[in-house]
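Reviewing the structure listed below.
Since every read-out is calculated from the coordinates, none of them should be taken as a lab result. What you see is a predicted model, and the numbers here were worked out from it, not measured in a lab. Note: ideal-geometry Cβ built from the backbone for every residue, glycine included; neighbour counts use all protein chains shown.
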Amino acid sequence: MPARGTLVTATSDLEGVLAALPRARHRETSAYPIEGRFPSVALRPESPDGVARVLAAARDARAAVVPQGARTALTLGRPVSRYDVALDTTGLHRIVEYEPADMTVTVEAGVTLHALQARLAEEGQYLSVDPPPGDEVTIGGLLATARAGAWRGLLPGVRDLVLGITVATPEGTLVSSGGRVVKNVTGYDLHRLHTGALGSLGVIVSASFKVAPLPEATAMLALRCPDIQLAERAAFELRDRRLPLRALSLLDASTATTVGVETRAPATTVLAAFEGVPAVVARAERESRDVARRMRAAIEAVPPFTWSALRRRAALAGSEEQTVLVRLGVPPSRVASTLAAVGSGRLEAWAHVAAGCVYVRGASLTAATLLALQADAHAAGGFLQVEHAPAELRDIGDAGDLELTRTLKATFDPEGVLNPGRWGDDA
Ligand SMILES: Cc1cc2nc3c(=O)[nH]c(=O)nc-3n(C[C@H](O)[C@H](O)[C@H](O)COP(=O)(O)OP(=O)(O)OC[C@H]3O[C@@H](n4cnc5c(N)ncnc54)[C@H](O)[C@@H]3O)c2cc1C
């Protein structure tokens, strides 16, 4: 048996993994590249128990496992230091229990968000998560990444919607935390720990959520303001009028044009989405027109695909490997000035006001520009995270509390079985 930390790629070591898994499906490894690397083994177990057995066998073989669902966010975090086993979670595709009257649902981790929303919509309900860039994402991936978008700060985040989860630990056991009911005060909130851990502490095999009624009415508006100062004032007025806001974003001219709102610099667009009962949404539209008039902004209704297009700017297709995407976290009061500091030109920049989140995207983002943006974010009391970049730029960015991360990794995955290095743990 190789020593701990040894790179294991010899198939003979991994044959034990396969032999231990009679019911796991063996897949073509060529379908599971990550940043130019391929695993030695790819498996698609079809039950939580099967996932646990993959992990137990991998630990015995000292093999590194990368769990993966729809594979849309495998470059988040640091590059993995070892990659021996691809653990495809899409075989876990069952909706385990759905109680519309209780507004709770339990699903396996490989269920796609799209499939779950379609089932919930049959009962007039939905999982009120900030819509991700694509519908194909899996519930496990959604929880493991716990990324927020335009809804953050206006609605609860995904972490707050989880009632409980079951996780396969790196030792190969199944552990549950929380429950299926909305009132649950027993046990540790381990589900909060695994939410956002990028699959570095355990593999989520199922999760229970509270769900919400689908809104009766929606309205989406674009206010094209003459400059960023007026756009900031418009956004804060809309926020402070206590309207039923779901999203409030600022777009520079090039981002606005990309998502279909024709405009020119220095104009800045405020995108606002409202949801609720029809009378309240109608009032929100009236008040938005009033705000637009006072800020000398043109106002128009925009179709839902404008928002989908904006979300897709926060995700990258395979052909865009050289494109860099960073996320700056700043106080909401500093969002507009941060956006202005990015400047226009060859970059795209947009921001979600309530979340204090500014995205910058472009092929021309260099290490020097990233460091300058990071310094500005720090001066505002915030941070910069690299969401997507070629490997050589991914060491830039704030990794959070590395000491805490490493302690958690050493506690929950001392052998470094899962996603070694992804969480900045240097396993
Ligand atoms: C640039 C960018 C912007 C984004 N913006 C938003 C946004 O605005 N709103 C939003 O909701 N989401 C956002 N996301 C997150 C997006 O929703 C993710 O792409 C998606 O949720 C990941 O699902 P997936 O099935 O593709 O996971 P994968 O890409 O397959 O995996 C992603 C990570 O999760 C781990 N993982 C996958 N499944 C499991 C599991 N069952 N247990 C434990 N770990 C697991 C993987 O090891 C990997 O580290 C963004 C992502 C990116 C990259």
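At a glance:
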quantity: Dipole of segment 95-213, positive direction: furthest Cα of 126, 109, 151, with charges on the beta-carbon; calculated: 151
quantity: Segment 50-200: Cα Rg divided by the 2.2 N^0.38 Å rule of thumb; calculated: 1.05
quantity: Antiparallel bridges, percent of DSSP beta bridges restricted to segment 95-213 (to nearest 5); calculated: 95
quantity: Length added when fully stretched, residue 363-residue 322, from 0.36 nm per residue minus Cα-Cα; calculated: 14.2 nm
quantity: With at most 15 other Cβ atoms within 10 Å, longest stretch of the chain clear of loop GluC sites (Glu not before Pro) (DSSP); calculated: 322-427
quantity: Gain in span if fully extended, residue 212 to residue 114, counting 0.36 nm per residue against the direct Cα distance; calculated: 33.7 nm
quantity: Cut-off under 5 Å, modelled amide H: who pairs with residue 246 long-range; calculated: 273, 274, 275
quantity: Label-reachable residues, segment 217-235, where backbone N falls under 12 Å from a point 7 Å from residue 300's Cα toward its Cβ; calculated: 222-224
quantity: Whole-angstrom gap from segment 235-269 to segment 76-130, using each part's C-alpha centre; calculated: 31
quantity: Net charge of neighbours whose Cβ lies under 11 Å from the Cβ of residue 110, counting Lys and Arg as +1 and Asp and Glu as -1; calculated: -1
quantity: Rounded if a/c under 1.5, otherwise prolate or oblate - segment 81-151, Cα gyration tensor axes; calculated: oblate
quantity: Candidates 219, 234, 367: whichever shows maximal mean-square fluctuation once the chain is modelled as a Gaussian network with Cα springs under 10 Å; calculated: 367
quantity: Kirkwood hydrodynamic radius of the chain, from inverse mean 1/r over distinct Cα pairs, in Å; calculated: 22.6
quantity: Cβ-based net charge around residue 74, under 13 Å, with every Lys or Arg adding one and every Asp or Glu removing one; calculated: +1
quantity: Antiparallel DSSP beta bridges within the chain, percent to nearest 5; calculated: 90
quantity: Long-range HN-HN contacts of residue 217 with modeled amide H, under 5 Å; calculated: 276
